[in-house]
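Below is one structure, written out as C-alpha cells; comments come after it.
The values are calculated or read from the model by the stated rules, or taken from the named source; none is laboratory data. No experiment lies behind these values; they were computed from the predicted model shown. Positions of Cβ are generated from backbone atoms using ideal geometry, with glycine treated the same way; all protein chains shown enter the neighbour counts. Heads up: the accessible areas ignore ligands, DNA and RNA and are worked out on the full protein's heavy atoms, side chains in. Shrake-Rupley method; radii C 1.70, N 1.55, O 1.52, S 1.80 Å.
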Amino acid sequence: MKNIFQVGFAFGVVFFVGQTFAFSDVAKDNPNRIAIEYLQDLDVIRGYDDGTFKPTKKINRAELTKILLEGQNISPDPVTFKNCFPDVGTEWFAKYICYAKENNILSGYLDGTFKPAKTVNLVEALKILLNSHNISVPIPTSTETAWYIPFTTIAKQRRYLDRTEYDPTEEMTRADIAEI
C-alpha cells in the first residue's frame, strides 16, 4: 500500500508541477520542463522578472552554487557567510558561495578568486554537485588519468549523468543543471 501511495503522490506532483508552473519560454515539449518546474515549485529557481527561465542560457558558478544549496534546503545566513574571496563580498550569491567554501563543497582558483560570473562546464558542475551531497570521490593516483574521471564515473553510477559520451568542457545551461 505504501508503494502505491508513493507512486500516486509522485505522479500527482509531476502532474501538478507539469500543469501549473510554466515559464513563458519553457515549451510544453521541452525535455527539461518537468525538472525545471519541479525546482520552481520548490522555490529553488525563480526565473527572471519577465516570466522567463532562459533554459539555454549558460549557467555561472554563482547560480550553480545557489541552485545546488537551495535544492538541499540550505539557505545560509548572509551575515555569517560573506567576504570569503576577493571577488565575493556581500552580493546576492555571497552567502551560498561562502557557505560552500566553508563546507568544502567548492574552492577558488589558484589566484585566490572564485570567479562567480564564470560559466560552468560539465565536469566542474559534477564535482560541485557531488561535493554538495558529501559523496566521497577517490582522487586519481596516476597523472595519466584526468582529474575529473572519478567524478564522471560516480555521476554515471548515480544517474546524474545519463549519457555515455560527453565533452568535459561542455558549458552547462540552466536547463542542464535543472535536469541534473
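Go through region 89-100 and report how many residues are over 16 Å from Asn60 (Cα atoms) and outside any loop (DSSP other than H, G, I, E, B).
Number of matching residues: 1.
Can you pull out every residue in region 165-179 that is over 12 Å from Val123 (Cβ atoms) and assigned to a loop (DSSP other than H, G, I, E, B)?
Scanning region 165-179 gives a single hit, Glu165.
Spot the failing condition for Asn103; the list is (1) more than 22 Å from Leu42 (Cβ to Cβ); (2) at pLDDT 95 or above, and only one is missed.
That leaves (1) as the condition not met.
Tally the residues that are among the charged types (D, E, K, R) and either in contact with a Ser or Thr (Cβ under 7 Å, 6 or more places away or on another chain) or within 16 Å of Lys66 (Cα to Cα) (or both), restricting the search to region 42-56.
2
For residues in region 129-150 being under 17 Å from Thr65 (Cα atoms) and part of a helix (DSSP H, G or I), which is most open to solvent (accessible area, probe 1.4 Å)?
Among those that are under 17 Å from Thr65 (Cα atoms) and part of a helix (DSSP H, G or I), it is Asn131.
Within region 55-66, restricting attention to residues that are assigned to a helix (DSSP H, G or I) and open to solvent by 20 Å² or more (accessible area, probe 1.4 Å), which residue is farthest from Lys115 (Cα to Cα)?
Filtering region 55-66 for residues that are assigned to a helix (DSSP H, G or I) and open to solvent by 20 Å² or more (accessible area, probe 1.4 Å), the one farthest from Lys115 (Cα to Cα) comes out as Lys66.
Can you confirm whether Asp162 is without any contact (Cβ under 8 Å) to a residue 24 or more places away in the chain, in a loop (DSSP other than H, G, I, E, B), of a type in the set (Asp, Glu) and within 21 Å of Asn32 (Cα to Cα)?
yes
Could we say that Lys156 is open to solvent by 50 Å² or more (accessible area, probe 1.4 Å), touching a residue at least 24 places away in the same chain (Cβ under 8 Å) and in a helix (DSSP H, G or I) here?
Criteria not met by Lys156.
Give the residue that is nearest to Ile105 (Cα to Cα), with candidates limited to residues of region 117-128 that are open to solvent by 10 Å² or more (accessible area, probe 1.4 Å) and part of a helix (DSSP H, G or I).
Result: Ile128.
What tally of residues in region 33-54 results from selecting those that are out of contact with any Gly (no Cβ under 8 Å at 6 or more places or on another chain) and either buried (at least 20 other Cβ atoms within 10 Å of the Cβ) or not in a loop (DSSP other than H, G, I, E, B) (or both)?
Residues meeting the conditions: 5.
Could you tell me whether Thr65 is at pLDDT 95 or above, touching a strand residue (DSSP E or B) at 6+ places or on another chain (Cβ under 8 Å) and either closer than 23 Å to Glu37 by Cβ or hydroxyl-bearing (Ser, Thr, Tyr) (or both)?
Criteria not met by Thr65.
For residues that are open to solvent by less than 80 Å² (accessible area, probe 1.4 Å) and out of contact with any strand residue (DSSP E or B) (no Cβ under 9 Å at 6 or more places or on another chain), scanning just region 94-108, find the one that is nearest to Leu64 (Cα to Cα).
So the residue we want is Tyr96.
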